[in-house]
C-alpha cells in the first residue's frame, strides 16, 4: 500500500508545464509564423509578376494574331498593321494594343489608333527602356517592326522576348 501512495504524490508533482517551457513553445510558434508569412509574401509577389508576364505576352500575341487574321477595326478603318506598346508615362504599367491606318494605299505609321488600353496590376511595371517597348506587325504576313527583336523586363526579374521572327517567349 505504501507504494501506491508514493505514486499519487509523484503524479501530482508532474502535472503541467513550467513557465520556461511555455515561453520556449510560444517563441518557436512565433518564429515559425514569421517565416511562413515572409514566404507567403514572397510567393504573392512571384505570382503577381508571373500573372503580369502572362498578360503582356497575351496582349502581344493578340496584336500579332490581328495582323495575321487581317482583322478589320470596329471603326471601319482599313488597318495595315497591329501593334503593342507600353505608354511612356509616370505609371510605367500602362500598355495598349493599337493599329495603323492605311490611307491611300500607304500605311500611315503617324496615325496610331488605340484598340484597348490596360494597366498591369499589383504594382508590377515595365523596367526596360520605353524606346524599345513598342512593336507592331505588318498585315497580312505579321512581319515584326522593328525587325531586330526586343526584350521587355517587368520589375527587373521577368522578361518577355520578341524575336526578329515574331516569336514571343517568357523567361
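Things to note:
- Residue 102-residue 44 FRET efficiency (beta carbon distance; Förster radius 41 Å; 0.05 resolution): 0.35
- Averaging Cα coordinates gives a centre for the stretch 37-73 and one for the stretch 149-165; these two points are 12 Å apart.
- Extending 7 Å from the Cα toward the beta-carbon at both residue 74 and residue 117 defines two label points whose distance is 1.6 nm.
- Modelled this way, with points 7 Å down the Cα-to-C-beta line, the labels at residue 29 and residue 51 are 3.2 nm from one another.
- Average Cα contact separation per residue, the chain, under 8 Å, 6 or more apart, as relative contact order %: 19
- Between the helical axis of 19-69 and the longest alpha-carbon principal axis of the chain there is an angle of about 10 degrees.
- Cβ-derived FRET efficiency at R0 25 Å, residue 37 paired with residue 169, nearest 0.05: 0.15
- When percent of Cα pairs over 21 Å apart is computed from the coordinates, the matching label among [x] 55; [y] 68; [z] 60 is [z].
- Computed with the Debye formula from one identical point scatterer per Cα of the stretch 93-171, without solvent, the log10 of I(q)/I(0) at q = 0.13 Å⁻¹ comes to -0.47.
Only the coordinates and a few stated rules stand behind these numbers; no lab work does. Everything quoted here is computed from the prediction, not taken from an experiment. Neighbour counts run over all protein chains shown; Cβ positions are idealised from the backbone, glycine included.
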